[in-house]
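Encoded as structure tokens, the structure appears first; notes follow it.
All of the numbers you see were taken from the coordinates with simple rules; none came from a lab. The shown structure was predicted, so the numbers you read here are calculated from the model rather than taken from an experiment. Glycine also receives a Cβ, built like all others from the backbone with ideal geometry; neighbour counts cover every protein chain displayed.
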Amino acid sequence: VVSMRPIRQCDVDKVRALTARFPHAHGSPIHVGEPAIIGIEDLMAPDWGDAVEIMDGEVPVFWGSSLTAQDALARAELAISITVSPGHMLITDVDARAGAGAFKVY
């Protein structure tokens, strides 16, 4: 699962440099250009959300998405899971620096 934003071709290097500074917030794009290379057949038929028009001079730019984890959880068919929903992030009081051991699984 990826998210896509059209970016003017002349701005792609700037976008890569800017977003690379934030690796814990999706970071830099994972792909730029031809969607078929990453398995996307039709940009006008997204699996989630609405299609976005790409204007002249723009290229599709793709980032990893938190929906990857949600899709994996849905396919796992667990009895319960807690995650985010579009526009609503999951916030806890667990310090991310505590590592995976800070989370308890019951």
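Brief remarks on what is shown
For every residue, the table says whether it meets (1) basic (Lys, Arg); (2) more than 14 Å from GLY64 (Cα to Cα).
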| residue | (1), (2) |
| --- | --- |
| ILE7 | no, yes |
| ASP13 | no, yes |
| LEU18 | no, yes |
| ARG21 | yes, yes |
| GLY27 | no, no |
| ILE30 | no, no |
| ASP47 | no, yes |
| ALA51 | no, yes |
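- In the set GLU77, GLU58, GLU41, only one residue is acidic (Asp, Glu) and surrounded by 14 or more Cβ atoms within 10 Å (Cβ to Cβ); that residue is GLU58.
- Considering region 1-29, the residues that are assigned to a helix (DSSP H, G or I) and touching a residue at least 24 places away in the same chain (Cβ under 8 Å) include one that is nearest to the chain's Cα centre (by Cα), namely THR19.
- Filtering region 10-37 to residues that are surrounded by fewer than 13 Cβ atoms within 10 Å (Cβ to Cβ) and of a type outside the set (D, E, K, R) leaves CYS10, ALA17, LEU18, ALA20, PHE22, PRO23, HIS24, ALA25, ALA36, ILE37.
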